[in-house]
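Please treat every number below as a calculation from the coordinates, not as lab data. Source: prediction; values computed, not measured. All Cβ positions, even for glycine, are placed from backbone atoms using ideal geometry, and neighbour counts span all protein chains on display.
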Amino acid sequence: MRIHALQHVDFEGLGHIGAWIEHQGHPLTLTRLFAGEPLPRLEDFDRLVIMGGPMNIYEDDRYPWLAEERALIRAAVEAGKSAIGICLGAQLLADALGSKVYAGANKEIGWWPIRLTGPAGDGKDAGLLAGLPEQPTVFHWHGDTFDLPQGAVHLAESEGCRSQAFVFDNRILGLQFHLESTPDTVRAILAHCGHELIPARYVQSEAEILASDPALFAHINRMLEILLNRLA
């Protein structure tokens, strides 16, 4: 499987996704949008990996490459490609599927639990999540959210944000949270975005984030591997 990754800022790389790709032996190409690198042709990849970033998906005036990126993602979705989006990437996928993206009622930053959705959302019954814990603690760093795309399965929610995860056609996965996080990636985002740690109900301090159980990384990385292995 040929994988192409879209990276929006230099301090939000692939994290554990990169380790999974290397272990699986999949060919990987990368566009660093912040560096002005060109986007791929549709025929050059099988799966898109769309990473996070501090920008809003419609800040075209500040990030001129966003419009072209949105067009590529829509084309990939329509062409039947597989895709996984993390945080901003999930918002871009939701937009490509026709959903609205907007500022959430709460910012979520730090280690907070999510819960798989009940029968109405089918998250607990979705084959993609079979056997995973029903209320895992995962790493968050987001302020925007999105409406669930039409035809998508709602996989997870939290107290602070309803749209935490969805899957569409078993090939497009949107995750608002960061299962790819490692100690290094968390330190990097703290170094570059620490000014966002304004006290709020679902915002932890830097000290709280760094004091969390190191075993959490192993748990979320294992969840990520399961999802990536099962995604069509």
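Each residue of region 34-50 was assigned a 3J(HN,Hα) from its phi angle through the Karplus curve 6.51 cos²θ - 1.76 cosθ + 1.60 (θ = phi - 60°); the sequence is 5, 9, x, 6, x, 7, x, 7, 4, 6, 8, 8, 9, 9, 9, 10, 10 Hz, with glycine and proline shown as x. Taking the centroid of alpha carbons for each part, region 183-212 and region 2-35 are 23 Å apart.
Derived value for the chain: Kirkwood hydrodynamic radius 17.6 Å. Basis is the mean of 1/r over every pair of different alpha-carbon atoms.
Would you please state which residues of region 164-192 a label at Glu78 would reach in this model, taking the label point 7 Å out along Cα→Cβ and a backbone N cut-off of under 13 Å? Hits in region 164-192 for Glu78 at 13 Å: none.
The residues neighbouring Asn229, those whose beta-carbon lies less than 13 Å from its own, together hold a net charge of +2 under the Lys/Arg +1, Asp/Glu -1 convention. Binned at 10 Å from 0, what are the whole-percent values of the Cα-Cα distance distribution for region 73-115, short to long? P(r) over region 73-115, rounded to whole percents: 23, 46, 23, 7.
Phi angles of region 215-232 translate, via the Karplus equation with coefficients 6.51, -1.76, 1.60 and θ = phi - 60°, into HN-Hα couplings of 5, 4, 5, 4, 5, 6, 5, 5, 4, 4, 4, 4, 5, 5, 5, 8, 5, 5 Hz per residue; Gly and Pro are given as x. Across the chain, the relative contact order, built from alpha-carbon pairs under 8 Å that are at least six residues apart, equals 20 percent.
With a cut-off of 10 Å between beta carbons, the residues surrounding Ile3 carry a summed charge of +1, where Lys and Arg count +1 and Asp and Glu -1.
With K and R counted +1 and D and E -1, the other residues having a Cβ less than 13 Å from that of Leu190 yield a net charge of -4. In a fully extended conformation the segment linking Glu59 and Asn229 would gain 57.9 nm over its present Cα-Cα distance, using 0.36 nm per residue.
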